[in-house]
Amino acid sequence: MEKVGRGMPRVLLVVLAFATLYGCAQADTPVEKQEHTAGLEKTQENKAGVEETQRQTGQEQEADLPAYEVTGNQGCTEGGIPGKCLYVSTEATSRKDFRALTKHFREENPEAKAVMITFLPNKFAKRGSGFGAWFATREAARAFLGPEVTDSQIQSIMDEGGFLVGRVGRGVGRRSSGETTESSAY
């Protein structure tokens, strides 16, 4: 009996230790779950907040754009460089509006290395009222604008973020600050 008596405290200690450890693990689990769930909810809230902010920013940018209708939209490639060529009907006539629309279409076509837009005064017009272009690189600008555009003209375009916008009928000439001239290649 002595053996059983001495063995019993060990068994009790093992059972007591097991119960204590198991009980602690069970007691911690809801807290851990709450912390994990709270962390997931916070992550989801942050993600939702970012998406909401992006959606609001996109809506604000859309609201700032002049009214337009895309009347022609096709992929175009020059010198192996992928681009997007668009015809856009709009009553806008200012370079500011043309630039805003060009930026908008650049953002809508992230795969394109060049975006070329002919702005039309209405969807039935045969002549454009303006143009907009954006180039990701000097090489894209060179490919789409052609060899008649000088390196300094391309550098000026790249200095403007790759944007080239203007109104038709203004003639070809020097670009001044805040002003872009028409290119004969476009």
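Structure summary
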| read-out | value |
| --- | --- |
| Listed peptides 101-109, 149-157, 89-97 by packing density, highest first (mean Cβ within 10 Å) | 101-109, 89-97, 149-157 |
| Area projected by the alpha carbon convex hull of the stretch 68-167, averaged over all directions, nm² | 5.9 |
| Assigned charges on the beta-carbon of Lys, Arg, Asp, Glu; the stretch 68-167 dipole about Cα centre (debye) | 280 |
| Other-chain or far-sequence residues with amide H under 5 Å of Ala112's (modelled H) | none |
| Sequence-separation-based contact order of the stretch 77-135, relative, with Cα cut under 8 Å and 6+ spacing, percent | 39 |
| For Asn73, residues with placed amide H under 5 Å, excluding near neighbours | Tyr87 |
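Values quoted throughout were computed directly from the atomic coordinates according to the rules given, and no laboratory measurement underlies them. Model, not experiment: these values are computed from the prediction. Cβ coordinates were reconstructed from backbone atoms using ideal geometry, including for glycine residues, and neighbour counts include every protein chain displayed.
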